[in-house]
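Undergrad: Mind having a look at this structure? Questions to follow.
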Amino acid sequence: MATFVPFKTFLDTAFWREVNKKKLHDWKLDESPKEIYSQLSLYDTKGSECALSLSHDSFTSSSEASNGLSISGSLILYNTRESFKAAATTNSREELMELKATKIWDAVQSRSWLQNPQLLNTFFIIGFADLKKFHYIYKTCVPALIFPKEIQQEIVPLTAYNANESNLFTHHEKASSPVFLLSNVSNEILDLPQLEKNNNPDEIIIVIADPCPVSSSAGWLVRNVLAAVAQLHPSWTYCNIISLRSAGSVGFKFSWVSSEGLQSGVPRSSGWEMHYSADLKKYFDPKIMMEESVDLNLKLIKWRLNPDLELERYSNLKVLILGAGTIGCNLARGIVPWGVRHISFVDNSTVSYSNPVRQSLSEFEDARLGRGKAETAVAALQRIFPSVQATAHRLTVPMPGHTIDEKEEEQLQKDIEKLEQLVKDHDVVFLALDSREARWLPTVLACKHRKMAISVAIGFDTYVIIRHGIGSRKDSVSDDSNSEAVPYSQLSCYFCSDVTAPGNSTSDRTLDQQCTVSRPGTSMIVSGLAVELLASVLQYPNPLETPASLDDNTTLLGAAPHQIRGFLNRFQQIHPIVKRFERCVACGDSIADQYQQNGWKFVRDVMNSPKRLEEVTGLDELQDSVDAIDIDFDDDESVVSN
């Protein structure tokens, strides 16, 4: 009885890595069959099975393969383990194999296989990929028609066929033909369609490129060729085959019981391999594994909840966090899961012993060694997620009321230039600084360079988040409509509600005033809300035009408030919308003009005399006019309470 060596599937890590990428970026939840290809080799000489190998290049057409020996197939990747198990049951597997066998038999019946012999062989894989754990389970089927019946084999030396093996290989490689003919009369190589005209099995030899390493048997690909020959010539009860192999081709004479006419209906088939599983955690680069796992969480949001979500807006974003303290650390921890990869920290202080229990990116050793907060945050973030591109900048932010002398002016100029360059190089600026005056210059710079700026601040049991208006006030878009939404360009900044300039709030502080004393959970709450506010704003068609609105249809993720103010003593939250103040000491046009004209010198003047801001904006005149109002009450007009 003839035996045919079956295939064994070899799927390398590069194949599964490509599956991961395509599942994340292209296929998503699509379970339809995906076309794949396997390059077969005539040079395998070891083992007891034919190798069906797939790698990263198995998802592109192999029609131009140099050795002309390839097989096309399909991959069905199920979304759940349960779906895979259902498909792997006996009945389901038989149904799938019958569908493929029917296509092969159609090629036999139509004789199209004579023009394209690759139609006689195919394969398919059903599987499930757990992309979080990098665990894969799969089953492969290479359908072989069980026809004709009771096949017998006899090994024939090539000398009996007068075959020149070198000439056969040359033709196979040049013609990229997996099946062709050799005349047993003239020793001439013939194209496969000639088989239809030949009625004598002794006059023709069928040459098959056979990736079988077992010298005593033919490979699995031969099985369907025999079925096609038996159906093409129903009167034949045998045929001659040369199994072409690099390690030594083998001649076979296959004989079978006469089919006594054409086969009606699709013959039975076989070809399922056993069940395989692969745990590839240790083979994948841990950094890449983490990237893919992080991306998977975001992809699941997009696939299942919001198909229009533009995730690249997060991955391409560059975020500058001013202040690497409690709020700054939590902001970083919040934006990284959204896919943000570019983060810069600015801080000039070191980790103290009170910090690690409150700041999520510092530890005891950082305090003991006196490490900088910004440097500590970067190092911790990169330990948590090695793919993040984080940088630290030890820099003192110039502040109104914090006076300097002439010998410090050179350093001041450098600090301002560096801070301005950082603002220019980033898309979003989070103001997570300790004092009111520290937010002034970053607000001026963000306004000048049209950057999204978000102030985040906390008190003992209160918090506030404010997204500053974009650009200068004179360039803002007027809004004459009755809409409750206010354009981004008209939104107030952190200072718009003030009628006095910020000053040095750190001088003469008592111990309780030197630190931000707050309920421990406050920073986590406010940081999370600030991150989600940014996430929502970025899903507006043009993020720089996102209006302030509490309508949950404002962006793809819902509302986009201007301010979020919380009160933990009564667990209440309000969302005021405030328009820009024309005499604002930070985003007012007069401030922008002064900075444009005088640059760092204007900042120097403000540091030495905060009242300069009130003079520039006209707030001093406004205050004088209010003080000049004298309200007198006549005795007759007074209200007397009995």
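The values are calculated or read from the model by the stated rules, or taken from the named source; none is laboratory data. All values derive from a computational prediction rather than experimental measurement. Using ideal geometry, Cβ is built from the backbone for each residue, glycine included, and neighbour counts are taken over all protein chains shown. Side chains are part of the model used for accessible areas, which takes the heavy atoms of the whole protein and leaves out ligands, DNA and RNA. Shrake-Rupley method; radii C 1.70, N 1.55, O 1.52, S 1.80 Å.
Undergrad: Take the conditions at pLDDT 95 or above, among the aromatic types (F, W, Y), open to solvent by 90 Å² or more (accessible area, probe 1.4 Å) and over 28 Å from K418 (Cα atoms) and apply them to F633. Does it pass?
TA: Spelling it out, it is not the case that F633 is at pLDDT 95 or above, among the aromatic types (F, W, Y), open to solvent by 90 Å² or more (accessible area, probe 1.4 Å) and over 28 Å from K418 (Cα atoms).
Undergrad: Within region 34-47, track down each residue that is open to solvent by 40 Å² or more (accessible area, probe 1.4 Å) and in contact with a Pro (Cβ under 7 Å, 6 or more places away or on another chain).
TA: Once the filter is applied, which keeps residues that are open to solvent by 40 Å² or more (accessible area, probe 1.4 Å) and in contact with a Pro (Cβ under 7 Å, 6 or more places away or on another chain), region 34-47 yields D44, T45, K46, G47.
Undergrad: Looking only at region 395-447, which residues are in a helix (DSSP H, G or I), among the acidic types (D, E) and closer than 23 Å to I458 by Cα? Give the derivation first.
TA: Filtering region 395-447 for residues in a helix (DSSP H, G or I) gives 406-425, 437-447.
From the residues that got through so far, the ones that are among the acidic types (D, E) too are 406, 408-410, 415, 417, 420, 425, 437.
E437, the sole residue that qualifies.
Undergrad: Suppose we filter R583, R612 for residues that are of a type in the set (K, R), touching a Gly at 6+ places or on another chain (Cβ under 6 Å) and at pLDDT 80 or above; which single one remains?
TA: Being of a type in the set (K, R), touching a Gly at 6+ places or on another chain (Cβ under 6 Å) and at pLDDT 80 or above holds for just one of R583, R612, which is R583.
Undergrad: Same structure again: Take region 439-462 and flag every residue that is among the hydroxyl-bearing types (S, T, Y) and farther than 20 Å from D593 by Cβ.
TA: S455, T462
Undergrad: So which residues in region 360-373 are within 26 Å of P286 (Cβ to Cβ) and surrounded by 14 or more Cβ atoms within 10 Å (Cβ to Cβ)?
TA: Once the filter is applied, which keeps residues that are within 26 Å of P286 (Cβ to Cβ) and surrounded by 14 or more Cβ atoms within 10 Å (Cβ to Cβ), region 360-373 yields S360, L361, S362, E363, D366, R371.
Undergrad: Okay, moving on. Between residues in region 293-319 that are of a type in the set (S, T, Y) and residues that are open to solvent by 40 Å² or more (accessible area, probe 1.4 Å) and outside any helix (DSSP H, G or I), which pairs lie under 8 Å by C-beta distance while being six or more apart or on different chains?
TA: These pairs meet every condition: S293/K132.
Undergrad: Quick one: how many residues across region 441-462 are of a type in the set (F, W, Y) and closer than 22 Å to V606 by Cβ?
TA: Going through region 441-462 one residue at a time, the tally reaches 0.
Undergrad: Shifting gears a bit: Pick out the one residue from L296, L317 that is outside the structural domain of T159 (by the TED database), under 30 Å from the mean Cα position of the chain (by Cα) and either under 30 Å from P398 (Cα atoms) or at pLDDT 95 or above (or both).
TA: Result of the check over L296, L317: L317.
Undergrad: For V351, work out the one condition from (1) under 25 Å from T462 (Cβ atoms); (2) out of contact with any strand residue (DSSP E or B) (no Cβ under 7 Å at 6 or more places or on another chain); (3) buried (at least 24 other Cβ atoms within 10 Å of the Cβ) it doesn't fulfil.
TA: Answer for V351: the failing condition is (1).
Undergrad: Please go through region 580-614 and give me each residue that is of a type in the set (D, E) and part of a helix (DSSP H, G or I), ordered by number.
TA: D589, D593, D605, E614
Undergrad: How many residues are within 30 Å of S53 (Cα to Cα) and at pLDDT below 95 if we restrict to region 169-188?
TA: Residues that pass the stated criteria total 10.
Undergrad: Taking the conditions exactly as written (surrounded by 14 or more Cβ atoms within 10 Å (Cβ to Cβ), closer than 23 Å to H275 by Cβ and not assigned by the TED database to the domain that holds H171), does L69 satisfy them or not?
TA: no
Undergrad: When you go through (1) open to solvent by 40 Å² or more (accessible area, probe 1.4 Å); (2) more than 26 Å from R604 (Cα to Cα) one by one for T376, which number turns out not to apply?
TA: Here T376 clears every test but (1).
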